[in-house]
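Undergrad: Sharing a structure below in structure tokens format, with a few things to ask.
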Amino acid sequence: MQGTDITPELLNAYVDGELSRDEAAWLARAAARDPAIAARIATLRELKAAVPALVPERRIALPSRVRTRVTPGFAAVAAGLLLLIATGMLHLYLQSESESARWARFLQSHHEAWAFARDAKPARFLPTSGPARLLPLDLESARLTFVGHQKVSFAGKTVVRTGYEGTRGCRVSLYVYPGGTVLDESAFSQTLLVRKWEIGQQGFALMADGMAKVRFEGLARAVEKALRAGSQPDPGSRQRLAQARRTSPPCQA
Amino acid sequence: MFHGGDRHRLESYLERLYGYAFSLTYDAHKAEDLVHDTAVKALSARNVPRDEAAYRAWLFTILRNTMIDGSRKSSLRDREFPETDIDLEDGFSQGSETEEVNALTVRIAFGRLPVNHREVLAAIDVAGLSYEEASRVFEVPVGTIMSRISRARSALYKQVEDTTADGKVRFLPVRRHNSTGM
């Protein structure tokens, strides 16, 4: 594809996570080169994130009864049930895989399109309960500086990214999303380092590209440990983060 | 009575169905009624898609058809929702001042959009449908959904600009730039 191929439809498909992995990567590179494209993507993401906020929270209950279905014989029910379970499990597996791939494409493209409003005030859209209330975590011992929060929406769910930048080209995203979201680390590109975990009702995904794998693994352990403990990284973690940073090469993002 | 598994499956979509319905009606009670009617129809159906994506599209199709049937009676479908229909306070969570202003601006702008734009925005951004699923709901090709969502976001952006130009509200985070598609 060429720069002239970047149509509004393509940009919208990109923010909706509808492009293939190759197309999304190509567009992310184009956005990294051209601030005007990055700005258009950022605006589309802001619009996309703003629309779900139109809906007030409301608990909807299902009706307790509807008309009774025609009940077949017991044997047919048993056979049908077995078939349904087997088919359902297969469909559930296939569907989970598909959902996971969509989420992975979206999060990866969002991570790669790195754009933050540097003068942003502290974001109050962060969850006020659960471990995410701690964000941003202090990762200065790893020489990673907090650069901002972003709220985006995908598949009807709100996702918040906390971004960090290093002094040697490292870019780290920590995503918070509703727990139970189907997301598999293996669905991401192999060039992207990803660790995910859930704590209570919140899911977390840490991402970086170009970082030494050992350093990233240590960073993921420290972040998860801090969030599970409900406190900023402890002195031991800080020491390990600093050590890992000193002994690792610069990021190659 | 209906199968417990059906209920559980449907319950996981209630919030998204309600969001879709509210985005189109801007009326909490009408939206709740639409979701209720959709749930009754879905739970009463004999042929329920097993594939999850097909099931999702099927549910939103039921809701959409239910709304269209109701709208035919009241001519609701062809009118734009006046601002007086928009309750600016009730039921919304509080964020930062900037976020509240933005939410209000987008709400007003969204309410001014024609229903075809609101419909596709609600399907993709509120209901969280994929283009493929939306194409099943609206019975159009995926390429048409691509064009529609692009036009709808462009229209929303223009409405937001018009709203801010009125001096009623500010919309701070939108970065200004020269482009044809926004």
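We did not get these values from a lab; they are worked out from the coordinates using the rules stated. None of the values given here were measured: they were computed from a predicted structure. Please note: Cβ atoms are built from the backbone with ideal geometry, for glycine as well, and neighbour counts cover all protein chains shown.
Undergrad: Averaged over peptide A:230-243, how many Cβ atoms belonging to another chain are found within 10 Å of each residue's Cβ?
TA: Working: counts 0, 0, 0, 0, 0, 0, 0, 0, 0, 0, 0, 0, 0, 0.
Going residue by residue through A:230-243 and averaging, the value is 0.
Undergrad: Let me know the Rg and Dmax you get for the stretch A:155-210 when you use only its Cα atoms, in Å.
TA: 12.0, 36
Undergrad: Relative contact order for the stretch A:116-247: what is it in percent, counting Cα pairs under 8 Å that are at least 6 residues apart? Don't jump to the answer; show the numbers that get you there.
TA: On the way: 215 pairs, mean separation 29.9, N = 132.
Relative contact order for the stretch A:116-247 comes out at 23 percent.
Undergrad: Read phi for every residue in the stretch A:104-111 and hand back ³J(HN,Hα) as whole Hz from Karplus 6.51 cos²θ - 1.76 cosθ + 1.60, θ = phi - 60°, with x for Gly and Pro.
TA: Using θ = phi - 60°, the values come out as 5, 4, 5, 5, 5, 5, 5, 4 Hz.
Undergrad: Let me ask something additional. For the pair A:D5 and B:S12, what calculated FRET efficiency results from E = 1/(1 + (r/R0)^6), where r is the Cβ-Cβ distance and R0 = 22 Å, to the nearest 0.05? Walk me through the intermediate numbers first.
TA: Numbers: r = 38 Å, r/R0 = 1.73.
After rounding to 0.05, the efficiency reads 0.05.
Undergrad: OK, next. Using modelled backbone amide H atoms (1.01 Å from N, in-plane), which distant-in-sequence or interchain residues come within less than 5 Å of A:Q202's amide H?
TA: So A:Q202 has HN proximity to A:G179.
Undergrad: What would the Debye equation give as log₁₀ I(q)/I(0) for the stretch A:116-247 at q = 0.09, 0.14 Å⁻¹, counting only Cα atoms as equal point scatterers?
TA: -0.24, -0.60
Undergrad: Under the definition of partner shielding as Cβ atoms of other protein chains within 10 Å of a residue Cβ, what is the mean value for peptide A:10-23? The partial results should precede the final answer.
TA: Numbers: counts 3, 5, 14, 6, 0, 4, 11, 2, 8, 0, 0, 0, 0, 0.
Taking the mean over all residues of the peptide, I get 4.
Undergrad: Using the 10 angstrom Cβ neighbour count as an exposure proxy, how do B:S130, A:S189, A:S100 rank, fewest first?
TA: Numbers: B:S130 22, A:S189 15, A:S100 18.
Taking fewest neighbouring Cβ atoms as first place, the list is A:S189, A:S100, B:S130.
Undergrad: Also: Roughly how crowded by other chains is peptide B:119-132, in terms of the mean Cβ count from those chains within 10 Å of each of its Cβ atoms?
TA: Working: counts 0, 0, 5, 4, 0, 9, 14, 7, 3, 7, 3, 7, 5, 2.
Mean partner-chain Cβ count within 10 Å for B:119-132: 5.
Undergrad: List every residue whose amide H lies under 5 Å from the amide H of A:G156, counting only residues 5 or more places away in sequence or on a different chain, with H placed 1.01 Å from N in the peptide plane.
TA: For A:G156, the qualifying residues are B:G128.
Undergrad: Could you tell me which of the pairs A:K157/A:K213; A:K157/A:K225; A:K157/B:K41; A:K48/A:K157 are separated by over 22 angstrom between their Cα atoms in the structure shown?
TA: Going by Cα-Cα distance, A:K157/A:K213; A:K157/A:K225; A:K157/B:K41 fall outside the 22 Å limit.
Undergrad: To continue, here is another question. Quick one: 3J(HN,Hα) in Hz for the stretch A:215-225, Karplus 6.51/-1.76/1.60 with θ = phi - 60°, rounded, Gly and Pro as x.
TA: Taking θ as phi minus 60°, the curve returns 5, 4, 4, x, 5, 4, 4, 5, 5, 4, 4 Hz for the stretch A:215-225.
Undergrad: Within a Cβ distance under 12 Å of A:F154, other residues only, what is the Lys/Arg minus Asp/Glu net charge? Working shown, then result.
TA: Values: positive: A:R45, A:K48, A:R102, A:R105, A:K151, A:K157, A:R161; negative: A:D16, A:E18, A:E99, B:D125.
So the environment of A:F154 carries a net charge of +3.
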